[in-house]
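Visitor: The following block contains the structure, expressed as structure tokens.
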Amino acid sequence: MAEPVRIPDAKVALSTASVYPESTATAFEIAARLGYDGVEVMVWTDPVSQDLEALRRLSDYHQIPILAVHAPCLLITQRVWSTDPWVKLQRAQAAAEKLGASTVVVHPPFRWQRQYARDFVTGIWRMANETDVRFAVENMYPWRYRDREMLAYAPDWDVTKDDYRHFTIDLSHSATSRTDALDMVDRMGDRLGHVHMADGRGSAKDEHLVPGRGSQPCAELLERLALSGFDGHVVIEVNTRRAMSAAEREADLAEALAFTRLHLASAARVPRR
């Protein structure tokens, strides 16, 4: 007789970035149809991603909760929700609180944001002390071009070198930085609060492959999370821009969800009596 399994409490969400170049609204529709537990809203140039009432209506209509908000800290979102990075984080916090999300994902500053970078660690602690929302700072990577490497983030792309209350581990970023993801998770310890599930092959490009298609220890990490009682969210953040059709995109997102749920469950077997 097969052993029963206990599915861990960690919820599996879909990042709205995973449907790009389709819209934020499309992400809610796909997440609901495929059976995701929720969404992470990437706040970017899509006006709907910036509009709390529009997001609330999408969540209510599709009966799909918003579990996390990704603050607008990409190069293409430098003017979204202000040009002041602290205002961006304040608005991300307010959005999370109003939408019922438990986590704000934030990148470390770019090196040219000197004042912001200088105050970032203490500022994140200050904001974290003022809310129940988790500010989960995400690991990044050095930028590479041919044989040259540029350190684009400060205080560091390896966020474990600084003191934060919560971390996000992104496995595509660990591939790009050529970092041992499991060692990084060990350094994060019980401050690991959020996971971006993706894959990569270690190229200079941030690939965000469907988990299982690259070289990252995606299955091992999920099994470790299940055994450790991880209480954060696992968010599928993959690149489907090359999908030739809506059906192909949806198949990739269904595969990513199945992979993640399978490996979360496989380590959580109830012993036979």
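The values are calculated or read from the model by the stated rules, or taken from the named source; none is laboratory data. Keep in mind the model is a prediction, meaning the values are calculated, not measured. Cβ coordinates were reconstructed from backbone atoms using ideal geometry, including for glycine residues, and neighbour counts include every protein chain displayed. The accessibility values were calculated without ligands, DNA or RNA, using every heavy atom of the protein model including side chains. Shrake-Rupley method; radii C 1.70, N 1.55, O 1.52, S 1.80 Å.
Visitor: With the calculation restricted to Cα positions, what are the radius of gyration and Dmax of segment 135-273 in angstrom?
Guide: 15.7, 58
Visitor: Would you look at the GNM of the chain, springs on alpha carbons closer than 10 Å, and say which of P47, P155, P108 moves the most?
Guide: P47
Visitor: In whole Å, what is the distance between the alpha-carbon centres of segment 14-54 and segment 68-115?
Guide: When both Cα centres are located, 17 Å separates them.
Visitor: Additional query: Using a Gaussian network model of the chain with C-alpha springs under 10 Å, which one of A198, A94, A68 is most mobile by mean-square fluctuation?
Guide: Looking only at A198, A94, A68, the biggest GNM fluctuation is shown by A94.
Visitor: Continuing with this model, one more query. Per-residue accessible area for W112 at 1.4 Å probe radius, Å² rounded to 10?
Guide: Near enough 130 Å² of accessible area.
Visitor: If you don't mind, another one. Any idea what the dipole of the chain comes to, in debye rounded to 20, about its Cα centre with Lys/Arg Cβ at +1 and Asp/Glu Cβ at -1?
Guide: Dipole of the chain, to the nearest 20 debye: 200 debye.
Visitor: In a GNM of the chain with a 10 Å cut-off on Cα contacts, which of V105, V19, V185 has the highest mean-square fluctuation?
Guide: V185
Visitor: Roll a 1.4 angstrom probe over the protein heavy atoms and tell me the percent of accessible area of the chain that is carbon or sulfur.
Guide: Whole-percent figure for carbon plus sulfur exposure: 50.
Visitor: Using the Cα atoms of segment 162-203, I'd like the radius of gyration and the largest Cα-Cα distance, Dmax, both in angstrom.
Guide: Every Cα atom of segment 162-203 included, Rg and Dmax give 10.2, 30 Å.
Visitor: A further question follows. Any aspartates and glutamates with Cα under 19 Å of the K88 Cα? List them, leaving off those in the same chain fewer than 8 positions away.
Guide: Reachable aspartates and glutamates: E40, D46, D51, E53, E97, D119, E130, D132, E138.
Visitor: Still on this model: Once you treat every alpha carbon in the chain as an equal point and sum by Debye, what is log10 I(q)/I(0) at q = 0.07, 0.08, 0.12 Å⁻¹?
Guide: After summing over all Cα pairs, the log10 values are -0.23, -0.30, -0.70.
Visitor: Using 1/(1 + (r/R0)^6) with R0 = 41 angstrom and r between the beta carbons of V87 and L227, what's the FRET efficiency to the nearest 0.05?
Guide: Values: r = 40 Å, r/R0 = 0.98.
Once rounded, the FRET efficiency stands at 0.55.
Visitor: For segment 77-196, what is the accessible area per residue in Å², given a 1.4 Å probe and the full set of protein chains?
Guide: On a per-residue basis, 47 Å².
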